Structure formats: C-alpha cells, structure tokens
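The values are calculated or read from the model by the stated rules, or taken from the named source; none is laboratory data. The structure presented is a predicted model; accordingly, all values stated were derived computationally and were not measured. Methodologically, a virtual Cβ is constructed for each residue, glycine included, from the backbone with ideal geometry; neighbour enumeration extends over all protein chains shown.
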Amino acid sequence: MDALLPFALLLAVWSLPFSSSSSSSFPHHLVRLSSRRSNCKPVPTSMSLCHGVGYSEMRLPNLLGHDTMKEALQQAASWVPLLTKQCHRDTKKFLCSLFAPVCVSEVEEPIFPCRSLCENVRDGCTPVMAAFGFPWPEMLNCSRFPQGNELCIPPAGPEDRLPVLREDAVCAACLDKGQSEKEFLDNVCSQDFALKMIIKSLSGVEGDLQVVPESKGRTLYKQNGWSEEERKKPVLWLANGEACSCKELAGPGSVVLAMGHRVAGRLVILWVRKWRHGEKEMKKFSRAVRKLQC
C-alpha cells in the first residue's frame, strides 16, 4: 500500500490524517482477519451504533470476525447504551471502526483503529462500564491494535468539533431514510424482538425514554427470550430518548412498528416507524412478517 493516500480518499475514510509504514507488522489475529476476503456492504439503518458515522459502506466480515450482517447487528446493539453515557468523544468512532469498518474500493486491506484511539476510549469508558459490572473486554485489548506510525484510524484532534446534543437532534432509531414496512421486513430477522403496538404512555427515566404499549392492539412478530410478564406487559426503552426527538413516538394513541434488542436486561428500541396503512394493507403485511423464516 502506498505510504500516502490521496486526500480525497482520506476524506472518504475519516476526514482525518492517516500515516502508514510498510515495515510494521500487525498482531497475529489482525493479520488473519486482514487476509480474509471482504465484501463492501451498505451500513444498515438498523445498526443504531453507527448512525451518522460518516460513511455508507462497511466491510464484511468485520474486524471482530463477524461473518454475517445478522451477527454484526446483534453484537453491535449491546454497545448502544455506552454511547448514551458519553464517556468519551471517540466511542462511536472506535466501536464502529471494528463492528462496521469503513470499506473503500481503493484500499484493499482493512483499516484498524490506532492503539491510541483504543486507549483513549478505554480510559474514558472503563470506569462507566465498571459501575455497571462490565469489565473492558479482552477482544478490545488495545495492545492488539497498530501504533500511530502505521495506517490506522487516529483519535480526534483538537481541531475536530465535539458532538453537540441538540434538542432538535433526531434519535438514531427514528431516522427516516424513505423506507418503512419493507425495511422492517428486511431487518426483523436480525433483531431480538419485533412488534406492532399502540403507545399507552411515554416517560423519561434518567435520560432514557420508557415506552409502554397498550395491552390491546399489540401484535408480537418476534420475542426471543421474553418472560411471561414481558409478553403480558412489555416495557420498551429508547436509549438517550430525552436528549433527542422522535416524531414516530408522538404520544399516547400512536400506532408504530418497532424492533430492537435486549440490552442489559432492557428491551431497547433500535428502529421505530409509524403505522400508516389501512386495515387491508395491515393484514397483508402481518401475513408477510409471519411467513419470514429467520
């Protein structure tokens, strides 16, 4: 690989400066992963961890060895709550560089996060994770990642702007990319739960939004591992929902499609859309969901 990448390509990758060294060597497991044939895939809208990450295509298999999009989505979902804690400005960049590594046709080999990026995020987020009983995982051992004299994704520099939470910021799960029921059908197999519901109540709890459905008018399409109590009286959560807006969750009486994952014992919504069709279309859609073989 050339020692210097074209400036336009750098912008496409991270809008940050990179450096490379042909004499450096990656740890064994990184060599093994980089030698595997990768394909460019669109970053799915259901991967809430990486919404707004700055690029549209990712490598699969990813840099954590996830071979399928379903596996990558499931594993990435468990890290979404960490973003809401804002333990470090580069948390999303670091995690997405592994779960959804940028895929650029001009660069054949995968680009890993720099060791300094890993260390910065680790040092900022380990105390937060420890407070909830989670240690920094071995799979993210920073010694495995390349030094700054190799081609890698660096930490944000002082000139980079900090992300600002605005009252008009749209929640990641509520971003509308022009798809609705089709997107739901495409992604339901990668989620832990999927349902149609009428919203009974919405309330903020320590920055998150608690969503309680009505007992009537609810259709469970998928509910992996739900308890009997959750089936009778489910409580869903929108992570960081008090710091962003979601027109889909307009209030009591709204009818929505929703899906997501179980994260730290909670049913966390990762995708939600208003139900906009009439009864005939609703029945047709419901049949299509039930015919899915995940």
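Brief remarks follow.
- Summed over segment 107-127, residues that are in a helix (DSSP H, G or I) and exposed (fewer than 12 other Cβ atoms within 10 Å of the Cβ) total 1.
- Inter-residue pairs, beta-carbon under 8 Å, first surrounded by fewer than 18 Cβ atoms within 10 Å (Cβ to Cβ) and in segment 52-73, second part of a strand (DSSP E or B), 6+ apart: Tyr55/Val102; Ser56/Pro42; Glu57/Cys40; Glu57/Lys41; Glu57/Pro42; Glu57/Val102; Asp67/Leu60; Thr68/Leu60
- Candidate set from segment 211-249 (those that are surrounded by fewer than 16 Cβ atoms within 10 Å (Cβ to Cβ) and in contact (Cβ under 8 Å) with a residue 40 or more places away in the chain); member that is farthest from Trp275 (Cα to Cα): Ser245
- Selection status of Val128, touching a Lys or Arg at 6+ places or on another chain (Cβ under 6 Å) and farther than 17 Å from Leu64 by Cα: yes
- For segment 85-96, the set of residues classified as in contact with a helix residue (DSSP H, G or I) (Cβ under 8 Å, 6 or more places away or on another chain) and either farther than 17 Å from Asp123 by Cβ or of a type in the set (S, T, N, Q) (or both) consists of Thr91, Cys96, listed by residue number.
- Scanning segment 93-106 for residues that are crowded, with 18+ Cβ neighbours inside 10 Å, touching a residue at least 60 places away in the same chain (Cβ under 8 Å) and more than 16 Å from Cys142 (Cβ to Cβ) gives Val102, Cys103.
- Condition check for Glu71 on (1) in contact with a strand residue (DSSP E or B) (Cβ under 9 Å, 6 or more places away or on another chain); (2) assigned to a helix (DSSP H, G or I): one failure, at (1).
Each row is one residue, and each column tells you yes or no for (1) part of a loop (DSSP other than H, G, I, E, B); (2) charged (D, E, K, R); (3) under 16 Å from Lys85 (Cβ atoms); (4) at pLDDT 70 or above.
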{"residue": "Met129", "(1), (2), (3), (4)": "no, no, yes, yes"}
{"residue": "Ser143", "(1), (2), (3), (4)": "no, no, no, yes"}
{"residue": "Asn149", "(1), (2), (3), (4)": "yes, no, no, yes"}
{"residue": "Arg161", "(1), (2), (3), (4)": "yes, yes, no, no"}
{"residue": "Arg166", "(1), (2), (3), (4)": "yes, yes, no, no"}
